[in-house]
Amino acid sequence: MKTLIKNAQVVLPTGIEAVSVLVENEHIAAIDAAIHAEADVTVDATGLHLLPGVIDDQVHFREPGLSHKEDLQHATRACAKGGVTTFLEMPNTVPPATTQVLLNEKRALAAEKSLVNYGFYIGATPTNIDELRNATDTPGIKIFIGSSTGDLLVDEQDALERIFAETTLPITAHCEDETTVRANAQRFAGTTDIADHSRIRDRQAAVLATRRAIDLAHRHKHRFHVLHVSTGDECELLGDHRNLITAEACLHHLLLNVGDYQRLGTLAQMNPSLKTADDNARLWRALDEGTIQVVATDHAPHTLAEKSKDYPDSPSGMPNVENSLALMLNEVNQGRCRLEQVVHWMCDAPARVWDIVDKGRIAVGYDADLVLVDLGRECEVRNEQQQTKCGWSAWHGTKLTGWPVRTWVRGHEVFREGQFDLSRPGQAAQFDHARGGYWA
Ligand code: DOR
């Protein structure tokens with residue numbers, strides 16, 4: 001099967017060029033100004049930009065165990081619509097993915113149901129060090145250094161030291177200091193004010209835990225990726241240690257802040273919590289400077305009924321895989337960043353951080369995970385159009401300019417202008433950890 005995509009502005013590792021891209025079966029076969037090969041399908045992409053598919057390195061798709069909130073069919077349709085061609089999923093499902101057997105069960109579910117490519121982290125507990133040591137076919141180890149949705153938590157120093165000392169897979173962590181959060185929760189006991197969420201899960205909690213994790217990574221020389229950095233202060237800690245320590249910012253921490261609680265209520269309740277407008281600006285600066293490399297969603301769906309409970313009974317998390325690329329393209333249109341930067345943060349950098357083989361770039365021989373976007377298209381985010389099972393978005397009613405219009409996963413077109421082709425599942429991403437580190 002050959003697909004020829006002509007007349008697009010193509011975002012290549014070297015810049016944006018008007019070239020044609022020939023896809024042969026699952027791979028990119030040729031990139032050239034003029035390709036005269038016969039193709040089964042020719043796509044005239046005049047006026048559109050061709051990007052590598054987005055790799056979202058932090059999602060919660062809720063299978064198994066919590067499929068009333070989300071499931072792989074809904075979540076991966078949302079991915080296809082949003083231009084996300086690979087996801088890496090977190091272990092706080094039910095049961096939590098803390099063993100190879102449970103990881104294999106998740107992979108089997110995805111092999112059957114996922115429209116896009118997938119990988120699953122193994123979750124750390126204080127006692128599953130042997131599983132962490134021997135796990136295979138996983139991007140890495142997820143530690144909740146600070147509890148969130150679910151009961152995964154590793155807070156004891158001894159257990160953390162062992163995990164960093166005795167395992168070899170890359171480690172990633174949710175960093176909010178549990179002692180600080182618990183003490184703050186006592187101070188605000190009885191509150192029903194959602195704004196107190198940012199006082200309970202405060203700046204100090206984020207900074208303390210991130211500092212602790214960075215210290216562990218340095219002392220044990222262990223590859224480490226800080227998830228959802230929420231404060232400017234943590235950016236100062238990251239420094240320039242990219243071969244050892246990388247970091248991620250999420251859309252909600254870049255685009256929302258404590259000023260949004262009044263408008264959004266518990267829909268804006270996330271862990272780590274939203275911080276200030278100054279933190280938004282410092283996170284953007286850290287992306288610009290390269291101290292944060294990855295933009296992801298932390299797609300964390302809960303039903304509207306669950307989110308409508310009074311704080312603090314309301315759960316933390318919001319969905320976002322289907323709007324994340326559009327939100328960033330909208331920022332390109334507003335002049336906040338360049339399209340090449342978006343491709344670096346959402347496609348290339350996550351592939352390098354997680355040692356994902358042959359993804360994240362438009363290059364000959366790479367997997368044909370591709371998304372065509374229309375930078376000029378204006379469209380409003382509407383709850384009733386969301387593919388995620390939870391059926392809502394914090395951006396409901398917001399008009400964004402710049403949208404994905406067609407998505408291919410390993411050469412197979414899964415989404416085209418509102419229509420899905422559900423006939424072929426995605427595949428497991430391959431990880432080659434022997435490559436050993438992020439390079440810019
Ligand atoms: O707000 C969040 N929700 N943060 C997390 O780390 C977990 C997530 C969830 O799974 O609901």
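Structure above, values below:
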| item | result |
| --- | --- |
| Scan of the range 207-237 for residues that are away from the ligand (no atom under 16 Å from the Cβ) and either under 19 Å from the mean Cα position of the chain (by Cα) or on the phi > 0 side of the Ramachandran plot (or both), ordered by number | Lys221, Arg223, Phe224, Cys235 |
| Residues satisfying the stated conditions in the range 16-40, i.e. surrounded by fewer than 23 Cβ atoms within 10 Å (Cβ to Cβ) and either touching a residue at least 60 places away in the same chain (Cβ under 8 Å) or under 26 Å from Asn320 (Cα atoms) (or both) | Ile16, Glu24, Asn25, Glu26, His27, Ala29, Ala30, Ile31 |
| Filtered residues of the range 313-328 (kept if within 13 Å of the ligand (Cβ to nearest atom), more than 24 Å from Gly402 (Cα to Cα) and either open to solvent by 10 Å² or more (accessible area, probe 1.4 Å) or polar (S, T, N, Q) (or both)) | Ser314, Pro315, Ser316 |
| Hits in the range 223-278 - residues which are closer than 27 Å to Arg352 by Cα, open to solvent by 10 Å² or more (accessible area, probe 1.4 Å) and free of Cβ contacts under 8 Å to residues at least 60 places away in the same chain | Asp233, Cys235, Glu236, Leu237, Gly239, Asp240, His241 |
| Residue among Asn280, Asn243 that is in contact with a Gly (Cβ under 6 Å, 6 or more places away or on another chain) and not acidic (Asp, Glu) | Asn243 |
| Flag if Thr98 is under 21 Å from Glu417 (Cα atoms) and either in contact (Cβ under 8 Å) with a residue 12 or more places away in the chain or touching a Leu at 6+ places or on another chain (Cβ under 7 Å) (or both) | no |
| Residue count, the range 283-307 (criterion: in a loop (DSSP other than H, G, I, E, B), more than 16 Å from the ligand (Cβ to nearest atom) and either on the phi > 0 side of the Ramachandran plot or open to solvent by 10 Å² or more (accessible area, probe 1.4 Å) (or both)) | 2 |
| Among residues of the range 101-120, those that are open to solvent by 40 Å² or more (accessible area, probe 1.4 Å) and of a type in the set (S, T, N, Q), counted | 1 |
| Single condition Leu256 does not satisfy, out of (1) within 15 Å of the ligand (Cβ to nearest atom); (2) closer than 17 Å to Ala205 by Cβ | (2) |
| Residue under evaluation Glu234, criteria (1) within 27 Å of Cys79 (Cα to Cα); (2) in contact with a Ser or Thr (Cβ under 6 Å, 6 or more places away or on another chain), criterion not met | (1) |
| Members of the range 383-433 found to be open to solvent by 70 Å² or more (accessible area, probe 1.4 Å) and closer than 28 Å to Lys307 by Cβ, listed by number | Glu384, Gln385, Lys389, His396, Lys399 |
| The range 41-70: number of residues that are touching a residue at least 60 places away in the same chain (Cβ under 8 Å), surrounded by fewer than 24 Cβ atoms within 10 Å (Cβ to Cβ) and acidic (Asp, Glu) | 0 |
| Output for the range 87-107, where each listed residue is among the charged types (D, E, K, R) and over 17 Å from the mean Cα position of the chain (by Cα) | Glu105, Lys106, Arg107 |
| Pro96, sole failed condition from (1) within 16 Å of the ligand (Cβ to nearest atom); (2) open to solvent by 10 Å² or more (accessible area, probe 1.4 Å); (3) in a helix (DSSP H, G or I) | (3) |
| Test: residue in the range 332-342 that is at pLDDT 95 or above, polar (S, T, N, Q) and not in a helix (DSSP H, G or I) | yes |
| Qualifying residue in the range 141-156 (condition: in contact with a helix residue (DSSP H, G or I) (Cβ under 9 Å, 6 or more places away or on another chain), farther than 23 Å from His299 by Cα and polar (S, T, N, Q)) | no |
| Check on Met346, out of contact with any Lys or Arg (no Cβ under 7 Å at 6 or more places or on another chain), within 29 Å of Ile171 (Cβ to Cβ), without any contact (Cβ under 8 Å) to a residue 60 or more places away in the chain and crowded, with 23+ Cβ neighbours inside 10 Å | no |
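Yes/no per residue for (1) open to solvent by 10 Å² or more (accessible area, probe 1.4 Å); (2) over 17 Å from the mean Cα position of the chain (by Cα):
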{"site": "Gly83", "(1), (2)": "no, no"}
{"site": "Ile122", "(1), (2)": "no, no"}
{"site": "Ile129", "(1), (2)": "yes, yes"}
{"site": "Ile141", "(1), (2)": "no, no"}
{"site": "Gly146", "(1), (2)": "no, yes"}
{"site": "Arg162", "(1), (2)": "yes, yes"}
{"site": "Ile171", "(1), (2)": "no, no"}
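The values are calculated or read from the model by the stated rules, or taken from the named source; none is laboratory data. Keep in mind that this is a model prediction, so the values were computed, not measured. As a convention, Cβ positions derive from the backbone with ideal geometry for all residues, glycine included, and neighbour counts pool all protein chains shown. Surface areas here come from the heavy atoms of the whole protein model, side chains and all, with no ligands, DNA or RNA. Shrake-Rupley method; radii C 1.70, N 1.55, O 1.52, S 1.80 Å.
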